[in-house]
Amino acid sequence: AVTFTSLRPADWGWTVAGHKDNTLTRRLGVAGDVSWLLWDIDSATAKNNLGHTVRTAPFLGVVGVAPAEPGEHSTIPPRARSGGNIDCRDLTAGSTLYLPVNVDEALLYLGDGHAAQGDGEVAGTAIECPMTTEVVVDVADDDVPGVHAVTPTARITFGFNADLNEATVAALDNMLVWMQGLYALDKSTALALASPTVDLRITQVANNTWGVHAVLPHDAIQS
């Protein structure tokens, strides 16, 4: 359990688009057409070199533990059993991210500071910035499978896969398991209750692996 107690971006950041030659940039017609935004960041907003101002909501794009498999592992793709380059904008201060422990001592790693990002991280970068981070690390024992989180506003489960359909099913399946435990439901009834209350969002499209997260707001169900 990794609880983010403080996330403080530096006073500068950057965003770049068109730098990757991949399916998305080719379909959009921007592969190789590189554009940069440079940002000045304060306590609540960021202003770029073109004069646009956006609200900040700092978080870390990369939070993960070591996979069970031996060898070297790229930090680019997120993984269903160990997290990593999740790029979920909801993991702001006050949130707790739960990661399965695969090896002795877990070997937690953190990085990829973002001052602000939309769901999807559609350019492949957010407002990338240095980040001063304070976390509390603990060991938790719960029945929710895979990577999941509790934020100040919601419960979140994740799915990661090269196939968007598979990532979607994984995120939703994990949420249904959580709802079954919370509300003493069978799986089909949990799915029925999820339909009016759970949001499915594209976490990121930037890391060669689709990310999907299922979001159940704390105030969505009264019982």
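A few remarks follow.
- Here region 95-223 exposes an accessible surface that is 51 percent carbon and sulfur, computed with a 1.4 Å probe and the other protein chains kept in place.
- In this Cβ point-charge picture (+1 for Lys and Arg, -1 for Asp and Glu), the chain has a dipole of about 580 debye about its Cα centre.
- Region 1-125 - accessible surface per residue (Å², probe 1.4 Å): 53 Å²
- Positive-pole candidate from ASN174, THR151, VAL137, dipole of region 111-174, charges at beta carbon: THR151
- The GNM of the chain, with springs linking C-alpha atoms under 10 angstrom apart, assigns the highest mean-square fluctuation among GLU121, GLU166, GLU69 to GLU69.
- Within the accessible area of region 1-62 (1.4 Å probe), percent carbon and sulfur: 55 percent
- Each peptide in 23-35, 88-100 receives the mean, over its residues, of other Cβ atoms within 10 Å, and ordering these scores from highest gives 88-100, 23-35.
- The overall shape of region 1-106 is oblate: from the C-alpha gyration tensor, with semi-axes ordered a ≥ b ≥ c, the ratio a/c is 1.5 or greater and a/b is no larger than b/c.
- Probe 1.4 Å, accessible area per residue of region 145-217, Å²: 42 Å²
- Between 0 and 90°, nearest 10: helix 164-183 axis offset from the chain longest Cα axis: 50 degrees
- For region 1-61, the square roots a ≥ b ≥ c of the C-alpha gyration tensor eigenvalues yield an a/c of 1.5 or more together with a/b not exceeding b/c, which makes the shape oblate.
- Computed from the Cα positions only, the extents of the chain along the three principal axes stand at 53, 43, 38 Å, in decreasing order.
- Prolate/oblate/rounded call for region 60-166, Cα gyration tensor, a/c under 1.5 rounded: rounded
The values are calculated or read from the model by the stated rules, or taken from the named source; none is laboratory data. Keep in mind the model is a prediction, meaning the values are calculated, not measured. Cβ sites come from the backbone with ideal geometry, for glycine too, and all protein chains shown count toward neighbours. When the accessible area is computed, the model is the full protein with side chains, heavy atoms only, and any ligands, DNA or RNA have been set aside. Shrake-Rupley method; radii C 1.70, N 1.55, O 1.52, S 1.80 Å.
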